[in-house]
Structure formats: structure tokens, C-alpha cells
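Report on the following structure.
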Amino acid sequence: MNGYNFLIDTHTHIDGKDFDEDRDDVIKRAITSNIKYMINVGGTDILEGSKRAVKLSKEYDNIFATAGQHPQDADTHLDIDTLYKLANEPNVVAIGETGLDFYKDWSDFDKQKELLKTHIEIAKSVNKPLIIHSRNSGKDAVKILKECNASKVGGVFHCFSESLEIYNEIEKLNFIVSFTGVITFKNANKVRETVKKIPLSNIMVETDAPYMTPEPFRGTRCEPAYTLYTAKMLAQIKECSLEEVMNITTSNAVRLFKLEDKINK
């Protein structure tokens, strides 16, 4: 099959302290597992994670960065000047992760909504897609994306766990979805049923490392190399080859994050 014969971990956090002892080895293991590129997502530690992500992207040719403040930090003042500066970095390929999380009382819900609106405006100003974190908040997230004309830049709902109805709404808004190792969990039948009904042309793969470790490694730290296990399960669910999953999910990532001139095919 012509096309891409490798995977991209489209959402990872290897800038964090969990990887301070063996980051180089983690990156090497990813490459050995045919995960040629990684997108290190900002959003941890307010804006410090974004700064670290940018730094990593300058140190490693196969790592790209994003910039954003996570909804769980919505109660913390947003340094908008710093976020704009990070958003304009050439290796920053998306804005986020941002969004809404109503699963736990991380931060005030209204402040989360305002923070998401700010991120949408920044994304439009720099013409980069959004990485959306949405948990128990799909309807509210869709409403804001519509109101703020986020379809202009599009983006991804990462670690997608919302309903098929929510997917149908976000697809109209120029958004796709990505899945983590959750789809390998024994108790994740509901998620796998959703995966079946979403076209592969609108799906990417990710780890969300160090979280969401797939089978057979559950209970240990997740890392980008494990993207392969999510891809294998995706191929099983879709009843297609791993090669097809590699080509299509990587093509989706290249298109969304505008990586055509940034990677080697």
C-alpha cells in the first residue's frame, strides 16, 4: 500500500517528570515501534507544560508541540501574552489542550467555558487547530464551538469518550476524534461500539502518556511506543489491516496539523 507506513502519537505528555529519568530511551523505543513522530501536548502545569513541549520540539526533530491551558486550571489566571507567544512558535502545531471537564470539580465550570472561548480565538488568530478535552461536557463544548465559529480551524476531540450523537455534531464542525489505549480495555465495549461507527478517515491514535496505558501493560506508565497497541486494536475493530490503520490515521494527523512540509514520508 502506498502512503504512510508509520504511526504518529498525536497526544502525549513526555515532557513531564514521569519521563525525566529515561526520556531519550522512551523516544528511541517509540521509533523502534514505528511511531516516527509525536505531538507533545501542552496543558499540564498551567503553561509550564507548553513551555516544556516547545523546548522538546527544538531538541528532537520528531517531536512537535502544542500550547494551551487545561480546563482543570481554569481557576488560575491565564497569561494570555505568554500563550500567544507560544502559539506562534513554528513547532507548535495546535492550540490546547483546552476544553471542558465536568467529570470532577476541577475548576469553576463558567471559567472553563470562558477559557475555552479564549483558546478558540487564539487558534483562529494563528490559524492552528484545537485539541479539545471533553469529559461529560460534550453538549456544552459543541455549543461553544458553534458560537465561536471554531469550524474555521477545526481540530480534534482527544481521548474521545462522548456519544455517537456528539461525534455527529463535531464532525459537522470540522473536528475529528482520536482514541487512546482505552479501546483495548476489557470493559470498554461501549467505546469500541462507538469506534465501529466512526469512519477511519476521521480517527487518529494517541497515548495520552503517561496515562491510559493499553493492554497488556495496564498498571504501568504509558509511553508513545504503546500507540502501536491502540492501532492494532483499531485494526481489529475495523476489520482491516494494521497497514491501513497506519496510512489513514497518519494521513489524518498530517492533514489536521499541517505536517506535510515538516515530516519525512
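For the reader, a short list of remarks on this structure follows.
- From the list Lys152, Lys143, the one residue that fits, being without any contact (Cβ under 8 Å) to a residue 24 or more places away in the chain, loosely packed, with under 15 Cβ neighbours inside 10 Å and closer than 22 Å to Pro129 by Cβ, is Lys143.
This table checks each residue for (1) crowded, with 17+ Cβ neighbours inside 10 Å; (2) out of contact with any His (no Cβ under 7 Å at 6 or more places or on another chain).
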site: Asp75; (1), (2): no, yes
site: Thr82; (1), (2): no, yes
site: Lys85; (1), (2): no, yes
site: Asn88; (1), (2): no, yes
site: Ile95; (1), (2): yes, no
site: Leu100; (1), (2): yes, yes
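- Leading residue by the ranking (modelled with the lowest pLDDT) among those in the range 28-52 that are within 16 Å of Ala123 (Cβ to Cβ) and not hydroxyl-bearing (Ser, Thr, Tyr): Gly43
- Meets criteria (among the acidic types (Asp, Glu), free of Cβ contacts under 8 Å to residues at least 12 places away in the same chain and outside any helix (DSSP H, G or I)) for Asp261: yes
- When Leu228 is tested against (1) farther than 21 Å from Asp15 by Cα; (2) in contact (Cβ under 8 Å) with a residue 24 or more places away in the chain, only condition (1) is not met.
- In this structure, Glu206 qualifies as over 18 Å from Gly3 (Cβ atoms), within 14 Å of the chain's Cα centre (by Cα) and either at pLDDT 95 or above or of a type in the set (Lys, Arg) (or both).
- All conditions but one from (1) within 17 Å of the chain's Cα centre (by Cα); (2) without any contact (Cβ under 8 Å) to a residue 60 or more places away in the chain apply to Asp24; the one that does not is (1).
- Within the span defined as the range 105-121, every residue fails to be within 19 Å of the chain's Cα centre (by Cα), part of a loop (DSSP other than H, G, I, E, B) and surrounded by 19 or more Cβ atoms within 10 Å (Cβ to Cβ).
- Yes/no for Val191 being touching a helix residue (DSSP H, G or I) at 6+ places or on another chain (Cβ under 7 Å), crowded, with 21+ Cβ neighbours inside 10 Å and either modelled with pLDDT of 95 or more or in a helix (DSSP H, G or I) (or both): no
- Residue in the range 53-74 that is farther than 27 Å from Val254 by Cα and touching a helix residue (DSSP H, G or I) at 6+ places or on another chain (Cβ under 6 Å) present: yes
The values are calculated or read from the model by the stated rules, or taken from the named source; none is laboratory data. On a predicted model such as this, the values are computed, not experimentally measured, just so you know. Counting neighbours? That spans all protein chains shown, and the Cβs are built from the backbone with ideal geometry, glycine included.
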